[in-house]
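One structure below.
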Amino acid sequence: MPTNTAPPASAERDFPLGLPDFHYQDLHDEGRLADLDAAFLSALEAEDPEIARRLRAYRGAPGSFDPLSRSRLLVDAARPLGRFVAVLFGVEREWQRQIEVAQPDAVLFRFRRDFLQRRAVKAPLPDLAAADAEAIARMGHAIERGLHPELPWEADPELATSRVGTSLLDLEADFIAALRQKKIPEVPPAARARAIALAAGAARLGLTSPGEAIPPPSEGDEGLLTFLDALLKAYAVWTHARMRHPLWSREIRGWASFRLPHTLDYSALVATARPNSALPEERVGPLEHRRRRQGFLLTDSRMDQREVLGETHYCLLCHEREKDSCSKGFFDNKTDTFQKNPLGVPLPGCPLDEKISEMHALRRDGDSIGALALVCIDNPMCPGTGHRICNDCMKGCIFQKQDPVNIPQIETGVLTDVLSLPWGVEIYGLFTRWNPLSPPRPYAVPYNGRKVLVVGLGPAGYTLAHYLLNEGFGVVGIDGLKIEPLPADWTGSDGLGVRPIRDWSEIERPLDRRPLAGFGGVSEYGITVRWDKNF
């Protein structure tokens, strides 16, 4: 089992890892990668013998597993693999912190699904004239800060808002389970006490819904349920109004929880406006979507962690029903071809058959390392894909009539989550040479005596080079673009071993100051500054 030995905060070329008798340079030795693989399988055997048995069986005969069994195994095995690698590099605390952030933030997307989509947007709005708007705002603030003062309204108002909505839903569900559905013998005492406290607070505040007071509850649980129903309706009006009123919608513009899917119009996939009536063919994009270009600086900073988490919660995790068309496409057995969308575009899904839904399951839990391991099974060169590169997976998403899950943003978010960890560059690099979840080649093999020349170092060329290297070939790559050599200590070409990179910031550069180094093809000269070429 891994030890608690953590790599130092800085190191030269070598240091002990969190696994007995393993040092950093061993991760660049094909023979030692086989030992690392055996160590992981042994640790997994001790931790969960059943998962270890299934993984060994899968690696021995991958074709014997049906798609659902394979997906469940990969998700089950990726969790201990993430923990194993975190301990190996001594980043358990940072890795666990990412998990701990994802867990409380999950309430945002339950609020979006269960309250905003199912209740708030269906709540009828009164005229949002000045007087009515002011009354709705007073009501909303009273329900939020007046009845729920303990929530983090200053530090994280989005999280606080979500907790109000979901806590009221949970409270109502307790009463309905006892009084309507008869699933439980009586309303739980804690729920009853909470409802009574809310009713007392509403009476104290003189809480009113637009045009009417929220009546105090009559005697008994039925009266409390009627009160909760009125309170939920009032809060639905406020949250709906926040989405429609221009003043309040500005306040929530950056909130991932208020980002609802839109219906797809295949005749107008890109929003445009015609500002010049004298020239109706002139079209411009919406102002709020424009990114001003500053030289060669990156113009699209990608989704933040909360937005990425929201996309994973939007995903239905279709692999559990073998409906993960994002990966497998929409195949029509009757015609023996892939179905087409209304624009006539075939929907084959991800060309790499990446384990997309499985990745989302791990990222939803906050496990970036386990999620990256799943990505690297089929797409070890994932820094070259993701956001702004390809979107066949989105075209094949199960949501064909509304906004699809933004899978490329999630994939890039998983990568950047790992890169943000100490030694994150090394963790990603290790998964390109060793991945116990990949039966065809779980670890790179030693040099086989054969050499290959790869002409062109764009995505196809460097991906081919990667697979050839892992199969034991000696590889030389050339490209027509003038490429600066990578520093010798990054590659170990100075004979002293590869220098480990602790922080991604050591090698990340603003795009207007970054040299063309290491790669060619469209990776360097064919992709705009909307994509981070540091990848």
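Around the Cα centre of the chain, unit charges on the Cβ atoms of Lys, Arg, Asp and Glu (plus for the first two, minus for the last two) sum to a dipole of about 1260 debye.
In this simple spin-label approximation, Asp512 and Ser249 carry label points 7 Å from Cα along the Cα→Cβ vector, and these lie 3.4 nm apart.
On C-alpha positions alone, give me the angle between the axis of helix 305-314 and the longest principal axis of the chain, in degrees, nearest 10. For helix 305-314, the angle is close to 80 degrees.
For the pair Ala190 and Gln25, what calculated FRET efficiency results from E = 1/(1 + (r/R0)^6), where r is the Cβ-Cβ distance and R0 = 35 Å, to the nearest 0.05? After rounding to 0.05, the efficiency reads 0.05. How fast does region 275-418 diffuse by Stokes-Einstein, in µm²/s, taking the Kirkwood radius from C-alpha pairs at 4 °C and 1.567 mPa s? Rounded to a whole number, D works out at 78 µm²/s. Near Val454, the amide H atoms lying under 5 Å from its own belong to Val476, Gly477, Ile478; only residues 5 or more places off or on other chains count, and H is placed 1.01 Å from N.
Put simply, the convex hull of the Cα atoms in region 453-535 casts, on average, a shadow of 6.2 nm². Summarising the strand pairing of the chain, around 60 percent of its internal DSSP beta bridges are antiparallel. In this structure the amide hydrogen of Phe338, modeled in the peptide plane, comes within under 5 Å of the amide hydrogens of Asp332, none closer than 5 places in sequence on its chain. Candidates Ile501, Gly366, Thr528 compared by Cα position along the dipole of the chain: farthest toward the positive end lies Thr528, with charges placed on Cβ. Asp336 contributes about 110 Å² of solvent-accessible surface, heavy atoms of the protein only, 1.4 Å probe.
Residues in region 436-446 carry Karplus couplings, in order, of x, 8, 10, x, x, 7, x, 8, 5, 10, x Hz; the curve used is 6.51 cos²θ - 1.76 cosθ + 1.60 with θ = phi - 60°, and Gly or Pro positions show x. Overall, the anisotropy analysis places region 1-125 in the oblate class: the square-rooted eigenvalues a ≥ b ≥ c of its C-alpha gyration tensor yield a/c not less than 1.5, with a/b not exceeding b/c. Per-residue 3J(HN,Hα) values for region 372-388, derived from phi via the Karplus relation 6.51 cos²θ - 1.76 cosθ + 1.60 with θ = phi - 60°, read 5, 4, 5, 4, 6, 4, 10, 9, x, 8, 4, x, x, 10, x, 4, 6 Hz in sequence order (x marks Gly and Pro).
Normalising the average separation of contacting C-alpha pairs (under 8 angstrom, six or more residues apart) by the number of residues puts the relative contact order of the chain at 16 percent. When a 1.4 Å probe is rolled over the protein heavy atoms, the share of accessible surface on the chain that falls to carbon and sulfur comes to 54 percent. The count of lysine pairs in the chain whose Cα atoms are under 18 Å apart, excluding pairs fewer than 8 places apart on the same chain, comes to 13. Across region 56-67, rounded Karplus estimates of 3J(HN,Hα) from the backbone phi angles (6.51 cos²θ - 1.76 cosθ + 1.60, θ = phi - 60°) give 4, 5, 5, 5, x, 8, x, x, 7, 9, 6, x Hz, Gly and Pro being marked x.
Using only the Cα atoms of region 94-253, build the gyration tensor, take square roots of its eigenvalues as a ≥ b ≥ c, and label the shape rounded, prolate or oblate: rounded if a/c is under 1.5, else prolate if a/b is larger than b/c, else oblate.
Oblate.
Here's how it looks for Ala517: its modeled amide H is under 5 Å from those of Glu484, which are all 5 or more places away or on a different chain. Centre-to-centre, using Cα atoms only, region 429-493 and region 158-172 are separated by 51 Å.
The values are calculated or read from the model by the stated rules, or taken from the named source; none is laboratory data. Here the structure is a predicted model, which is why all the values come from computation and not from measurement. Cβ sites come from the backbone with ideal geometry, for glycine too, and all protein chains shown count toward neighbours. Side chains included, ligands, DNA and RNA excluded: accessible areas come from the protein's heavy atoms. Shrake-Rupley method; radii C 1.70, N 1.55, O 1.52, S 1.80 Å.
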